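Note sheet for the following structure.
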Amino acid sequence: MRCKMALVPQMGLDIIVEEVELDDPGEYEVRLKVMTCTICNSDVLAWTGEHGEYEGPGGAGHEIAGVVDAVGSKVTYVKPGDRVLCSEIRAGCGHCVQCLNGRPFFCENIPPMSFRVPSAMTRLNGERVIQTCSGTNGFSEYCNAYEGMLCKIDDDIPFEIGSALACGFMSGFGAVLNRVKVKPAESFAVIGCGGVGLSAIMGARYSGAIPIIGIDTQEIKLEAAKKFGATHVINALEEDAVHRVKEITGGPGVDHAFVAAAGKGIKRTAMDISADYGQVVVVGHGHHRNEFMEDINWFELLAGRKLTGCVMGNLTLRRDIPKYMDMYRRGMVDIDGLLTHRFTLDQIKEAIDDSLHGALKNVVYIGEEIPADKLHTAPLAGQKVSADA
């Protein structure tokens with residue numbers, strides 16, 4: 001079938017929207033009518049070569065919510081008409097050694113995440129579109145996805161909330177609960193107060209952390225950090241973040257430092273603000289070539305300091321997402337507050353640019369119209385307000 005999608009003709013951010021041909025779903029695949037796809041910084045990085053350079057056209061978009069349109073012959077979890085989110089973390093088989101030990105991400109019986117491989121989309125000139133950052137391309141009217149990437153979403157959960165749950169929220173909130181494992185009254189700091197960092201702050205607040213410190217270089221994000229539960233905020237352009245964190249904690253540094261921004265220098269700062277017995281958990285990253293580290297010494301770990309990472313919140317997809325949906329409907333987490341502006345698929349270049357200039361998390365509406373009460377009513381992030389505004 002034919003549908004519209006956003007792609008780049010070559011690696012970079014020269015994004016265009018055009019009609020492509022979508023293959024029929026395979027026997028374990030589902031065709032989704034994409035309703036919304038929120039923008040993650042990984043989409044931008046992937047288009048520009050995060051997972052390595054690629055030749056030819058590339059697609060992106062991995063925070064997907066939509067409706068099942070068709071299913072392959074061996075699909076058992078969903079049927080046409082089901083509302084679902086589509087995530088990069090896979091629901092495991094449930095019976096291999098990895099799944100039985102609580103590591104469905106490493107399931108031995110499902111396809112691994114595949115980046116820089118041909119997708120199910122073909123341009124009308126015959127070129128296959130590359131999947132640059134996920135198992136499908138969500139900035140499209142329709143896409144095919146492996147059944148294990150799906151989790152059903154309840155009828156009262158808006159599609160845009162389902163999209164945010166599919167990566168950004170779980171990568172922050174889930175990481176704090178499942179990897180960081182903050183205990184009540186432990187100290188917590190996050191570097192990078194975008195969608196993932198703010199979700200981590202919500203996770204720290206939910207877990208009972210005190211103090212909760214948000215570190216960034218943009219005032220708009222620091223103000224958001226206070227809204228989501230930070231007890232202290234630090235503008236790293238105006239203050240020495242390491243000195244200020246140690247001042248707030250009375251000397252030792254934080255029990256947990258959470259990295260939600262790219263750059264090896266930022267990881268160095270995270271080590272410096274953590275206590276000798278503390279933990280550094282890295283989620284944020286940039287291009288592979290820019291993340292090699294030469295400035296951490298083994299002696300920094302001898303006293304028990306830990307340095308680790310976390311992918312997609314270390315979630316068990318179909319166990320944790322229903323819990324997060326219930327927390328959302330009960331007002332225990334503020335996912336609506338993460339969503340900044342809404343755009344159509346034809347406006348995706350504007351949406352990406354806005355995301356690069358301070359927006360927390362923008363939503364691309366594809367299969368449904370943007371609600372009238374959610375149309376832009378203020379200047380986009382990064383735009384100046386005129387004297388007449």
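The values are calculated or read from the model by the stated rules, or taken from the named source; none is laboratory data. All values derive from a computational prediction rather than experimental measurement. Methodologically, a virtual Cβ is constructed for each residue, glycine included, from the backbone with ideal geometry; neighbour enumeration extends over all protein chains shown.
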Kindly indicate whether Ile273 is touching a helix residue (DSSP H, G or I) at 6+ places or on another chain (Cβ under 8 Å), over 21 Å from Glu186 (Cα atoms) and hydrophobic (A, V, I, L, M, F, W, C). no
Being charged (D, E, K, R), in a helix (DSSP H, G or I) and buried (at least 19 other Cβ atoms within 10 Å of the Cβ) is the requirement here; does Lys221 meet it? yes
Matching residues, the range 298-326, being of a type outside the set (Val, Ile, Thr), in a loop (DSSP other than H, G, I, E, B) and in contact (Cβ under 8 Å) with a residue 60 or more places away in the chain: Cys310, Leu315
Within the range 192-218, count every residue that is in a loop (DSSP other than H, G, I, E, B) and over 24 Å from Lys246 (Cβ atoms). 1
Would you say Thr269 is under 23 Å from Leu13 (Cβ atoms) and among the β-branched types (Val, Ile, Thr)? no
Taking the range 125-141 and keeping residues crowded, with 23+ Cβ neighbours inside 10 Å, assigned to a strand (DSSP E or B) and of a type outside the set (A, V, I, L, M) leaves Gln131, Ser140
Check Lys79 against each of (1) in contact (Cβ under 8 Å) with a residue 60 or more places away in the chain; (2) closer than 23 Å to Asn109 by Cβ and name the one condition it does not meet. (1)
The number of residues in the range 19-39 that are out of contact with any Phe, Trp or Tyr (no Cβ under 9 Å at 6 or more places or on another chain), of a type in the set (Asp, Glu) and within 13 Å of Lys74 (Cα to Cα) is 1
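Conditions tested, residue by residue: (1) touching a residue at least 24 places away in the same chain (Cβ under 8 Å); (2) closer than 28 Å to Thr340 by Cα; (3) more than 17 Å from the chain's Cα centre (by Cα).
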| site | (1), (2), (3) |
| --- | --- |
| Ser119 | yes, no, yes |
| Asn137 | yes, yes, no |
| Ile157 | yes, yes, yes |
| Glu160 | yes, yes, no |
| Ala166 | yes, yes, no |
| Phe188 | yes, yes, yes |
| Val196 | yes, yes, no |
| Ser199 | yes, yes, no |
| Met202 | yes, yes, no |
With the condition being touching a residue at least 12 places away in the same chain (Cβ under 8 Å) and over 17 Å from Leu345 (Cβ atoms), I'd like the strands (runs of 3 or more DSSP E) fully within the range 1-40 carrying at least 2 qualifying residues. 29-38
Residue by residue through the range 31-56, note down the ones that are among the acidic types (Asp, Glu) and either under 16 Å from the mean Cα position of the chain (by Cα) or farther than 21 Å from Asn290 by Cα (or both). Asp43, Glu50
Reported set for the range 237-283 where residues are free of Cβ contacts under 8 Å to residues at least 24 places away in the same chain and in a loop (DSSP other than H, G, I, E, B) is Leu237, Glu238, Glu239, Asp240, Gly250, Gly251
If Asp336 meets every condition in (1) over 18 Å from Asp156 (Cβ atoms); (2) surrounded by fewer than 17 Cβ atoms within 10 Å (Cβ to Cβ); (3) within 17 Å of the chain's Cα centre (by Cα) apart from one, which number is that one? (1)
I need the full set of residues from the range 148-179 which are of a type outside the set (A, V, I, L, M, F, W, C) and over 25 Å from Ser207 (Cα atoms), in order please. Gly148, Lys152, Asp154, Asp155, Asp156, Pro158, Glu160
Taking the range 190-211 as the region of interest, how many residues are of a type in the set (Gly, Ala, Ser) and surrounded by fewer than 24 Cβ atoms within 10 Å (Cβ to Cβ)? 2
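Results for (1) touching a His at 6+ places or on another chain (Cβ under 6 Å); (2) part of a loop (DSSP other than H, G, I, E, B); (3) more than 28 Å from Ser140 (Cα to Cα), shown as yes or no for each residue.
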| site | (1), (2), (3) |
| --- | --- |
| His285 | no, yes, no |
| Phe292 | no, yes, yes |
| Ile296 | no, yes, yes |
| Val333 | no, yes, yes |
| Phe343 | no, no, no |
| Ala351 | no, no, no |
| Val364 | no, no, no |
| Glu368 | no, yes, no |
In the range 297-307, residue modelled with the lowest pLDDT [restricted to those that are within 16 Å of Lys264 (Cβ to Cβ) and surrounded by 10 or more Cβ atoms within 10 Å (Cβ to Cβ)]: Glu300
So if I check each of Ala257, Ala261, which one is modelled with pLDDT under 95, assigned by TED's automatic domain parsing to the domain that holds Gly192 and closer than 18 Å to Leu198 by Cα? Ala261
How many residues of the range 145-160 are in a strand (DSSP E or B) and surrounded by 24 or more Cβ atoms within 10 Å (Cβ to Cβ)? The answer is 3
